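The values are calculated or read from the model by the stated rules, or taken from the named source; none is laboratory data. Keep in mind that this is a model prediction, so the values were computed, not measured. Using ideal geometry, Cβ is built from the backbone for each residue, glycine included, and neighbour counts are taken over all protein chains shown. Just the protein is used for accessible areas: all its heavy atoms, side chains included, with ligands, DNA and RNA removed. Shrake-Rupley method; radii C 1.70, N 1.55, O 1.52, S 1.80 Å.
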Amino acid sequence: MELVWFRKDLRINDNPALYQSCLNGPTTAIYFITPEQWQQHDVAPIQIDLMQRALNHLSVQLGKLGIALQVIEVNSFVDIPARLVAYCKQNNIGNVYANSEVEVDEITRDIQSQQVLSEAQIGFNLYQADCLINPGEVVTKQGDMYKVFTPFKNCCLKMLRQEVNLHPYPAPVIQGAPIENPDILLPLDKINSSAWPASEEEAYQSLQKFINLHVEDYHEQRDFPALSATSKLGPCLALGIISAKQCVYYLLQAFPTLLDGNATGPVVWLNEILWREFYRHIMVLNPHIGKGANYNPKAKNIIWNNNDEDFVAWCAGKTGYPLVDAAMRQLNETGWMHNRLRMVCASFLTKHLLIDWRWGEKYFKQHLIDGDFASNNGGWQWAASTGCDAQPYFRIFNPTLQSKKFDPNGEFIRIYLQQRQGINSKQLHEPIKPIVEHKFARQRALLSFSVLKAQEHQGG
Ligand SMILES: Cc1cc2nc3c(=O)[nH]c(=O)nc-3n(C[C@H](O)[C@H](O)[C@H](O)COP(=O)(O)OP(=O)(O)OC[C@H]3O[C@@H](n4cnc5c(N)ncnc54)[C@H](O)[C@@H]3O)c2cc1C
């Protein structure tokens, strides 16, 4: 008997582990619920709810294929290898199939699982289904990982044009008579996620709708939070309800000359998928950043202010800067925040308030429905100027100017800040009782972050 082990790949299409398992013999499936591990990873209650819904859709789809899904609860990843091997022995499993993940605890879990399975003479087959290209394969002529996004992206595009097979794996063949798999309940706090797609079918519909209606305007509209101009596929990508490869494959179906740089909107959207790719490759090749380290070692010399009251005000959307406050309320009320606003809020926390980016990274992860370790860490380290190809340290967003530029009529701000309803569009962007004054904050940040520059000059 073959066993496919699901994790953040909650789909039956473009799932090489599932496909290969079914090809090799009668297949059954397993999923481990790990409440303590998820709490330790700060998985947001709204993402737990989405995960529960996605798992139930998956279990129905597997049932239709005649594949039984066994769900086992343990506390943490460390408990999995022993339970897995016991399950395999009890059920006469000869081979386990899974898709790899990029985060450091997940990689450790797989190494440990591989060891115990191999001691028990059970095969463990890992596939790569999360990235477009295997991490470690997009390298310079010297064989090193790119440290700057643009050459990384260009190398990816070349590989996508020439050598990467972008055809998604088909759904596996039916294994037997339909099975009714039991309902799955995740024993953790949940926040209703029903506004978001949770099945493969819904994710695919969202992708097609975005490709048909929005992607051609993406480059012009994506920065305006009042518009619904982005795909909102992040939550599905984070849980593997849809794969990055499927996104690019269907985008290419609609825009066949995309990889040659034709079609501006789709090219810019593909760029964003490649930022996701960039952060994943960095994560695999620099596992220390998965454990809280700055990507740039020089950044350890930044002296953070880390004021608790400022942090609480930022979390609650009470900084006095309308765009920052509306954005934080969007996050708190909906579990999602627009990309432009993620950049503005992260810059404000790290530069204006001089609060360690790790505090913000954790808060975002605890609230985002699309919380994803690699993209979140990459985004925070980018904004804090501590990351790989990050924002230069002296670039400090002016929240008032960002507001005027990206929400000129205040449409977004008015949704989340009731008290600003009556204020005219000219006044709307100005801070009221700000917790920190912009000019002062800017000077303070420049001084604190200048350690990055000072050390560069010393050749450090
Ligand atoms: C501080 C900060 C924290 C972030 N945290 C997360 C996170 O936890 N999870 C997450 O998926 N993204 C994160 N991002 C990236 C980005 O903000 C979101 O991916 C995007 O807003 C999701 O909206 P969308 O699905 O409509 O994306 P679209 O604009 O439609 O883009 C399509 C997909 O490309 C990927 N993508 C887009 N922009 C980026 C980017 N800058 N970096 C990496 N991948 C990108 C996402 O998977 C996204 O769903 C963060 C960015 C910042 C600045």
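The table below gives the values:
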| quantity | calculated |
| --- | --- |
| For Gly261: the one exception among (1) open to solvent by 10 Å² or more (accessible area, probe 1.4 Å); (2) within 16 Å of the ligand (Cβ to nearest atom) | (2) |
| Unmet requirement for Pro182, which otherwise passes all of (1) surrounded by fewer than 15 Cβ atoms within 10 Å (Cβ to Cβ); (2) of a type outside the set (D, E, K, R); (3) at pLDDT 95 or above | (3) |
| Among (1) among the charged types (D, E, K, R); (2) more than 11 Å from the ligand (Cβ to nearest atom); (3) more than 30 Å from His429 (Cβ to Cβ); (4) touching a residue at least 12 places away in the same chain (Cβ under 8 Å), the one test that Asp325 misses | (3) |
| Unmet criterion (only one of (1) within 16 Å of the ligand (Cβ to nearest atom); (2) modelled with pLDDT of 95 or more) for Glu437 | (1) |
| Condition check for Ile12: of a type in the set (Val, Ile, Thr) and out of contact with any helix residue (DSSP H, G or I) (no Cβ under 6 Å at 6 or more places or on another chain) | no |
| Number of the condition not met by Ser21 [criteria: (1) of a type in the set (Gly, Ala, Ser); (2) part of a helix (DSSP H, G or I); (3) touching a Gly at 6+ places or on another chain (Cβ under 6 Å)] | (3) |
| Positions within segment 386-406 being touching a helix residue (DSSP H, G or I) at 6+ places or on another chain (Cβ under 6 Å) and either in contact (Cβ under 8 Å) with a residue 60 or more places away in the chain or not assigned by TED's automatic domain parsing to the domain that holds Ile435 (or both), in sequence order | Thr386, Gly387, Cys388, Asp389, Ala390, Tyr393, Pro399, Gln402, Ser403, Phe406 |
| Segment 336-356 residues that are among the β-branched types (Val, Ile, Thr), paired with ones that are surrounded by fewer than 24 Cβ atoms within 10 Å (Cβ to Cβ) and assigned to a loop (DSSP other than H, G, I, E, B) (beta carbon under 8 Å, 6 or more apart) | Val344/Phe397; Thr350/Asp356; Ile355/Trp304; Ile355/Asn305; Ile355/Asn306; Ile355/Asn307 |
| Condition check for Gln115: farther than 30 Å from Leu285 by Cβ and either open to solvent by 20 Å² or more (accessible area, probe 1.4 Å) or not hydrophobic (A, V, I, L, M, F, W, C) (or both) | no |
| Any chance Ala171 is in a loop (DSSP other than H, G, I, E, B) and within 24 Å of Asn376 (Cβ to Cβ) | no |
| Residue list for segment 218-237, filter: part of a helix (DSSP H, G or I), within 12 Å of the ligand (Cβ to nearest atom) and either of a type in the set (D, E, K, R) or in contact with a helix residue (DSSP H, G or I) (Cβ under 7 Å, 6 or more places away or on another chain) (or both) | Tyr218, His219, Pro235, Cys236, Leu237 |
| Single residue of segment 333-353 satisfying the filter (open to solvent by 10 Å² or more (accessible area, probe 1.4 Å) and of a type in the set (D, E, K, R)) that is farthest from the ligand (Cβ to nearest atom) | Glu333 |
